[in-house]
Amino acid sequence: MTPGQSQTGGRGPVLLVDDEPALLNAMKEGLEADFAVETAASAAEAERLMAARPYAVVICDHVMPGEEGLGFLVRMRDRHPQVRRILLTGYLNPELLSRAIAVAELSACLLKPANAAQLAQAVRTAVMQP
């Protein structure tokens with residue numbers, strides 16, 4: 001494995017962003033067997049981490065204090081276009097989902113609570129995208 005690659009052959013670690021500590025830890029535990037995982041409790045913290053090192057995938061909750069996940073992912077699309085983006089949302093709003101996928105160029109949009117298998121598959125699919 002080359003430096004910066006995950007165990008699955010991706011181009012770097014996965015960044016999880018969620019303001020709910022219990023959910024953040026559960027997602028991390030579900031992914032860390034297959035991926036190098038780091039966490040952030042806010043979009044601002046995630047942005048600082050992304051400025052400091054490369055990530056293959058960022059998975060971000062939509063509803064968070066300070067800044068919504070979709071706005072953060074759109075900004076990260078512009079600043080770090082090589083990073084694959086996955087949005088998590090607890091709201092089944094078809095208009096939001098279709099708009100989010102297009103505007104942020106998402107690899108996936110998952111409904112919360114996503115289980116570990118769903119998250120891992122979404123990350124695998126994202127890192128395989130050209």
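The values are calculated or read from the model by the stated rules, or taken from the named source; none is laboratory data. Computed from a prediction, not measured in an experiment: that's the story for all the values here. For neighbour counting, all protein chains shown are included, and Cβ atoms are generated from backbone atoms with ideal geometry for every residue, glycine included.
Tell me, which residue of the range 118-130 that is assigned to a helix (DSSP H, G or I) and without any contact (Cβ under 8 Å) to a residue 24 or more places away in the chain is surrounded by the fewest Cβ atoms within 10 Å (Cβ to Cβ)?
Step one: filter the range 118-130 for residues assigned to a helix (DSSP H, G or I), giving 118-128.
The next check asks that each one be without any contact (Cβ under 8 Å) to a residue 24 or more places away in the chain; those that pass are 118, 121, 125, 128.
On the way: Q118: 14, Q121: 14, T125: 14, M128: 12.
So the residue we want is M128.
Among the residues of the range 68-101, write down those that are hydrophobic (A, V, I, L, M, F, W, C), touching a Lys or Arg at 6+ places or on another chain (Cβ under 8 Å) and either within 19 Å of Q118 (Cβ to Cβ) or without any contact (Cβ under 8 Å) to a residue 24 or more places away in the chain (or both).
L73, L88
Does V17 satisfy being touching a Cys at 6+ places or on another chain (Cβ under 8 Å), modelled with pLDDT of 95 or more, closer than 20 Å to K112 by Cβ and not acidic (D, E)?
Values: touching a Cys at 6+ places or on another chain (Cβ under 8 Å): yes; modelled with pLDDT of 95 or more: yes; closer than 20 Å to K112 by Cβ: yes; not acidic (D, E): yes.
It is true that V17 is touching a Cys at 6+ places or on another chain (Cβ under 8 Å), modelled with pLDDT of 95 or more, closer than 20 Å to K112 by Cβ and not acidic (D, E).
Filter the range 84-106 down to the residues that are in a loop (DSSP other than H, G, I, E, B) and buried (at least 21 other Cβ atoms within 10 Å of the Cβ), then identify the one that is modelled with the highest pLDDT. Walk me through how you get there before you give the answer.
Here is the first cut: in the range 84-106, the ones in a loop (DSSP other than H, G, I, E, B) are 90-93, 104-106.
Among the residues that remain, those that are also buried (at least 21 other Cβ atoms within 10 Å of the Cβ) are: 104, 106.
On the way: A104: 85, L106: 91.
Residue satisfying both the conditions and the ranking: L106.
Identify, please: which residue in the range 29-67 is surrounded by fewer than 16 Cβ atoms within 10 Å (Cβ to Cβ) and not charged (D, E, K, R) and is, among those, nearest to A116 (Cα to Cα)?
The qualifying residue nearest to A116 (Cα to Cα) is A33.
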